[in-house]
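A quick write-up on the structure given underneath.
Bear in mind these aren't lab numbers, they're just calculated from the coordinates by the rules spelled out. Given the structure is predicted, the values throughout are model-derived calculations rather than measurements. Heads up, the Cβs are rebuilt from the backbone with ideal geometry, glycines too, and the neighbour counts pull from every protein chain shown.
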Amino acid sequence: MTVDPFVSDLINTLIVALVPVGIGALGFLARALIDYLKARMGAEQYRIIEMVAATTVASLEQSLKGKAGQEKKDAALALVRAECLKRGIKLDESAIESAIEAAVYRTRLTI
């Protein structure tokens, strides 16, 4: 079976044109997967921080009952920051503060 040279050239041109498109599509999918995993890992870490903050706030409400609010907040920041370091979680200070504030808010709703 003989292939027409025009058809052969057309097939070769399509292959040459589609290979970069395929590589680009694979790159896009890989980047999307990496972004998804980063977001998922960040969300999972933040969930852990929220849990640690809630436990810390509940504990400090009991142990530092008569202390000022800023003293409790400083203690909570130190404890949650230490737990983050122990677990290898790297979050900025504002994320930790937000988790603590949310835990305090939830604690006050249940009281």
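The table below lists the values:
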| item | result |
| --- | --- |
| Cα long-axis angle, helix 69-87 against the chain (0 to 90 degrees, to the nearest 10) | 40 |
| Label-point separation in nm, Leu10 to Asp35, each point 7 Å along Cα→Cβ | 3.7 |
| Gap separating the Cα centres of region 1-29 and region 38-111, nearest whole Å | 56 |
| Given charges at Cβ of Lys, Arg, Asp, Glu: the chain dipole, positive-most of Cys84, Ile23, Thr2 | Cys84 |
| Computed [θ] at 222 nm, helices only, for the chain once each DSSP H run of length n ≥ 4 contributes -39500 (n - 2.57) | -31500 deg cm²/dmol |
| For region 5-110, average projected area of the Cα convex hull in nm² | 9.8 |
| Nonlocal Lys pairs with alpha-carbon distance under 22 Å, the chain (8 or more apart, or different chains) | 6 |
| Cα-Cα pairs of region 55-97 separated by more than 15 Å (percent) | 42 |
| Mean separation of Cα contacts under 8 Å (6+ apart) over length of region 5-110, as relative contact order % | 31 |
